[in-house]
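These notes are about the structure you will find just below.
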Amino acid sequence: EKAIAVMTSGGDAPGMNSNVRSIVRSAIFKGCQAYVVMEGYEGLVRGGPEYIKQVTWEDVRGWSTEGGTNIGTARCMAFKKREGRLLGAQHLIEAGVDALIVCGGDGSLTGADLFRSEWPSLIKELLETKRISEQQYTRYQHLNICGTVGSIDNDMSTTDATIGAYSALDRICKAIDYVEATAYSHSRAFVVEVMGRNCGWLALLAGIATSADYIFIPEKPASSEEWQDHMCNIVAKHRSKGKRTTIVIVAEGAISADLTPITPKDVHKVLVDKLGLDTRITILGHVQRGGTAVAYDRVLATLQGVEAVNAVLDSTPETPSPLIAINENKIVRKPLMDSVALTKSVADAIQAKDFDKAMSLRDTEFVE
Ligand code: ATP
């Protein structure tokens, strides 16, 4: 009988609770014991029954309808150091856990893969320093790891959607609808900043869904003169046709061609100085993460939870750690490290100012 643990790590995302519920129940359904690790990697480093807890079927009742993550999440500096991971290994073995499923972003999944690849040397050191017994050393030779992608940014390559992205998109669209009403009343322009880190997915799709006038995304930067003229021409054209509202969406990672950030303040200044528009800035902030998950994220997280448990049960020391993705509506397994490497290559291409490459590496095909 295997013991499967799940943790959430990095930024919280709506749907994480559905994922945890599904993993816990699938594990129990398959005859395994289910554990949760509280507070992300912090819980692994701290260890003990307060942080690595066995849970029952009933413990996760109703979680699909709850936002955030009930088992907590954290950014944990200690886990980035070997000593932190050594403690993590010791605590997992003490708790009797065989497999770990991590729901998080690319940072969390990189950490998970590193943990697995280091595992043989970690347990050797634990044995040599007498922190685990010979028996434990033999029993826990291999740590099964699996990743599910929880992030509102939809920034992971090789999966069409990350858990939480459609919920955040829905919240952004509602917020922009609200702003639109007041913009119309006063005939104002609004510059709306949305999250997404280095990824323009939220800004792009919110722009399409709300029929915004202009958007800024990190993957398609322009020089300062170019974007100023381009934006002003478009906005002026819309205004000349009688439009009373102007909505410009700025991704938080928006940059110009020389890689300097484009901030809502920069855009505000141009709309005021060049077009004389009465302009306001709205930074949506953490409301984008809040609230319950939309149906799509609940379903995605539930199906991926089932597959994550299947994947760890199938895994052997030779199989590369899997990441559970969705491609063209099918739940599939991908080699976790390839997905993380591809994700990183988008950021690298942007840094190298190879924007065409950055765009071609994104999975959203209609960016053009
Ligand atoms: P989000 O997309 O929401 O930012 P993320 O998983 O990318 O999520 P990070 O802050 O990058 O968020 O990572 C979360 C945690 O994962 C870190 O605080 C750290 O504990 C662990 N982690 C990240 N990168 C590594 C790494 N290279 N090695 C070991 N652990 C890591």
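Listed by first and then second residue, the pairs with beta-carbon distance under 8 Å, at least 6 apart or on different chains, first residue in the range 67-88 and at positive phi, second within 12 Å of the ligand (Cβ to nearest atom) and in a helix (DSSP H, G or I), are Gly68/Met16; Gly72/Gly40; Gly72/Gly43. Keeping to the range 83-109, report how many residues are within 9 Å of the ligand (Cβ to nearest atom) and touching a Leu at 6+ places or on another chain (Cβ under 7 Å). Adding up the residues that qualify gives 3. Does at least one position in the range 172-195 carry a residue that is closer than 30 Å to Ala308 by Cβ, at pLDDT 95 or above and within 16 Å of the ligand (Cβ to nearest atom)? Checked the range 172-195: at least one residue is closer than 30 Å to Ala308 by Cβ, at pLDDT 95 or above and within 16 Å of the ligand (Cβ to nearest atom). Any residue at all in the range 275-293 that is in contact with a helix residue (DSSP H, G or I) (Cβ under 9 Å, 6 or more places away or on another chain), among the acidic types (Asp, Glu), touching a residue at least 24 places away in the same chain (Cβ under 8 Å) and farther than 30 Å from Trp63 by Cα? Checked the range 275-293: at least one residue is in contact with a helix residue (DSSP H, G or I) (Cβ under 9 Å, 6 or more places away or on another chain), among the acidic types (Asp, Glu), touching a residue at least 24 places away in the same chain (Cβ under 8 Å) and farther than 30 Å from Trp63 by Cα. What do you reckon, is Gly31 crowded, with 19+ Cβ neighbours inside 10 Å, at pLDDT 95 or above, small (Gly, Ala, Ser) and more than 18 Å from the chain's Cα centre (by Cα)? Considered against the rule, which asks whether it is crowded, with 19+ Cβ neighbours inside 10 Å, at pLDDT 95 or above, small (Gly, Ala, Ser) and more than 18 Å from the chain's Cα centre (by Cα), Gly31 comes out as no. Counting only helices (runs of 4 or more DSSP H) that sit completely within the range 58-142, those holding 1 or more residues that are surrounded by 20 or more Cβ atoms within 10 Å (Cβ to Cβ) and among the small types (Gly, Ala, Ser) correspond to 82-95, 106-128. Which count do you get for residues in the range 212-242 that are in contact with a helix residue (DSSP H, G or I) (Cβ under 9 Å, 6 or more places away or on another chain), in a loop (DSSP other than H, G, I, E, B) and over 25 Å from Ala347 (Cα atoms)? Counting residues in the range 212-242 that are in contact with a helix residue (DSSP H, G or I) (Cβ under 9 Å, 6 or more places away or on another chain), in a loop (DSSP other than H, G, I, E, B) and over 25 Å from Ala347 (Cα atoms) gives 2.
Which one is surrounded by the most Cβ atoms within 10 Å (Cβ to Cβ) among residues in the range 229-256 that are small (Gly, Ala, Ser) and more than 12 Å from Val267 (Cβ to Cβ)? Taking the candidates together, the pick is Gly253. Only one of the listed residues (Ser18, Ser26) is in contact with a Phe, Trp or Tyr (Cβ under 9 Å, 6 or more places away or on another chain) and modelled with pLDDT of 95 or more. That residue is Ser18.
Within the range 132-156, residues that are in contact (Cβ under 8 Å) with a residue 60 or more places away in the chain reach partners that are assigned to a loop (DSSP other than H, G, I, E, B) and more than 16 Å from the ligand (Cβ to nearest atom) with beta carbons closer than 7 Å, at six or more positions or on different chains, in the pairs His142/Pro317; Asn144/Asp98; Asn144/Ser315. In the range 328-341, of all residues being within 25 Å of Ala99 (Cα to Cα) and touching a residue at least 60 places away in the same chain (Cβ under 8 Å), the one that is surrounded by the fewest Cβ atoms within 10 Å (Cβ to Cβ) corresponds to Asp338. Number of residues in the range 63-82 that are of a type outside the set (Ser, Thr, Tyr) and more than 12 Å from the ligand (Cβ to nearest atom) equals 7. Of the residues making up the range 30-57, just one is more than 9 Å from the ligand (Cβ to nearest atom), free of Cβ contacts under 8 Å to residues at least 40 places away in the same chain and part of a helix (DSSP H, G or I), namely Gly43. Taking the range 284-325 as the range and being more than 16 Å from Gly105 (Cα to Cα), part of a helix (DSSP H, G or I) and not aliphatic (A, V, I, L, M) as the test, the residues that pass are Gly285, His286, Gln288, Tyr296, Arg298, Thr302, Glu307, Asn310, Asp314. Residue check: Ile172 meets all listed conditions (1) touching an Asp or Glu at 6+ places or on another chain (Cβ under 9 Å); (2) within 17 Å of Tyr296 (Cα to Cα) but one, namely (1).
If only residues of the range 143-158 that are of a type in the set (Val, Ile, Thr) and within 13 Å of the ligand (Cβ to nearest atom) are counted, the one that is surrounded by the most Cβ atoms within 10 Å (Cβ to Cβ) is Val149. Output the number of residues of the range 169-180 satisfying the condition of being in contact with a Ser or Thr (Cβ under 9 Å, 6 or more places away or on another chain) and either surrounded by 24 or more Cβ atoms within 10 Å (Cβ to Cβ) or among the aliphatic types (A, V, I, L, M) (or both). Result for the range 169-180: 4.
Note on the range 311-323: among residues that are without any contact (Cβ under 8 Å) to a residue 40 or more places away in the chain and not hydroxyl-bearing (Ser, Thr, Tyr), the one that is farthest from Val102 (Cα to Cα) is Glu318.
Selection within the range 159-171: residues that are hydroxyl-bearing (Ser, Thr, Tyr) and assigned to a helix (DSSP H, G or I). The member of this set that is nearest to the ligand (Cβ to nearest atom) is Ser167.
The values are calculated or read from the model by the stated rules, or taken from the named source; none is laboratory data. The model shown is predicted, which means the values in this text are computed figures rather than measured ones. Counting neighbours? That spans all protein chains shown, and the Cβs are built from the backbone with ideal geometry, glycine included.
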